[in-house]
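Derivation of every value follows stated rules applied to the coordinates shown; laboratory data play no part. Everything numeric in this text was worked out from a predicted model, so none of it was measured. We place every Cβ from the backbone using ideal geometry, glycine too, and count neighbours over all the protein chains shown.
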Amino acid sequence: MNLVIYITDKCNLDCKYCFVEKGNNVILFETYKKIFEEYKKLVENITFFGGEPLLQLELIKSIIEYNEKEGYNFTYTINTNGINIDDKVIDLCKKNNILINVSLDGNIESNLKNRFDESIFKVVENNIKILSEANIRFVVNYVVTPNNLEYIYESLKYFLQNKILKVSLMINYDAFWTRKNIEQLRKELEKAIPLMLKITDNQFFKVYPIFNKLNYLIEEKPCTKCNFGKDSLIVTCDGKKYPCIAFAYNREYEVKEKNQRFENLCDNTKCHECEYESICDNNCMCRNCSSNKESEVDVNCECEKIFIEIAKEILIKMLNHEFEKQQHKEY
């Protein structure tokens, strides 16, 4: 189980698309200890979430130290906007092999649309370099919205040029999407296929979830489907528990008993006729419930198709390249 802890709902940014209701609340250490006692045998990973969790670095350290003292060596992830990365954060990450999910929506032009000004962009850009130089594991979370689609290709090129080789495309399903937006997303990603075929420092440029789809195609096995309410537990600053981040603070979905189960209400009947069903993540309860119902298209469905078809194009090019290499050897 992945235990997601809202360390604080306070943040030092005000991104336009953020779904978290900001405040000045911080989870109490005693509240965490109660959650720990109840779920310690089920937890594998703990994700520190917010707000901006690095505003409460000492509390994060205290939680990790408490877990170790109790004999539990979980894996850890911190989701951060990247502003507060410093030597203390680096030391903590090195000591505990923490994975950092750092938010950066592509190049400067893309970030100016929804997040921050050029000065803050430079701070985050530099802090990502610090993570890389310190050999800290990190993935860049790149939120894709209808108003920054035009920068996708240039942004992926920017990441590759700066040797940022793990990027997760986070679609803003809550936004209003048009058919034109979907076609623009497809065109930008098609243009970026040569970038995704690059190998830098003996590493692939991994753009998720396209890279996941590519692995499913290569291994010829189905993807892991949404296990709503079973694989994760979200704990908000007030100590309340929920089955998924999209349902945080939704009292209808509050977890009140340890073994409480929730039904995945996604109606995927239409998917049974689709050739991509086995490697499609369209049954995600979180995504389906948070998607903007006013959009002209089923954004989740259309994005999954695009990711899978881009992955297929990459696989074809990889196989053709290997075939050409083999022919060259033979002749």
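With a 10 Å Cβ neighbour count serving as the proxy for reagent exposure, in which order, fewest first, do SER62, SER119, SER110, SER103 appear?
With the sparsest Cβ surroundings first, the list reads SER119, SER62, SER103, SER110.
Counting each DSSP H run of 4 or more residues in the chain as -39500 (n - 2.57), what helix-only mean residue ellipticity at 222 nm follows after dividing by all residues, to the nearest 500 deg cm²/dmol?
-12500 deg cm²/dmol
Quick one: Cα centre-to-centre distance for segment 246-322 and segment 193-217, in angstrom?
The distance from the Cα centre of segment 246-322 to that of segment 193-217 comes to 20 Å.
How many percent of DSSP beta bridges within the chain run antiparallel, rounded to 5?
Of the beta bridges lying entirely in the chain, close to 15 percent run antiparallel.
Tell me, what is the percent relative contact order of the chain, built from C-alpha pairs under 8 Å that lie six or more residues apart?
After rounding, I find 17 percent.
Find the relative contact order for segment 92-138 and round it to a whole percent, using C-alpha pairs within less than 8 Å whose residues are 6+ positions apart.
Rounded, it is 51 percent for segment 92-138.
Where the centroid of each part is defined by its Cα atoms, how far is segment 103-160 from segment 24-92 in Å?
Using only Cα atoms, the two centres lie 25 Å from each other.
Please label the shape of segment 1-113 as rounded, prolate or oblate, based on the square roots a ≥ b ≥ c of the eigenvalues of the alpha-carbon gyration tensor (a/c under 1.5 means rounded; beyond that, a/b larger than b/c means prolate, else oblate).
Prolate is the answer for segment 1-113, as a/c is 1.5 or above and a/b outweighs b/c.
Do you know the relative contact order of segment 205-286, to the nearest whole percent, from alpha carbon pairs under 8 angstrom that are 6+ apart?
Normalised by residue count, the contact order of segment 205-286 is 31 percent.
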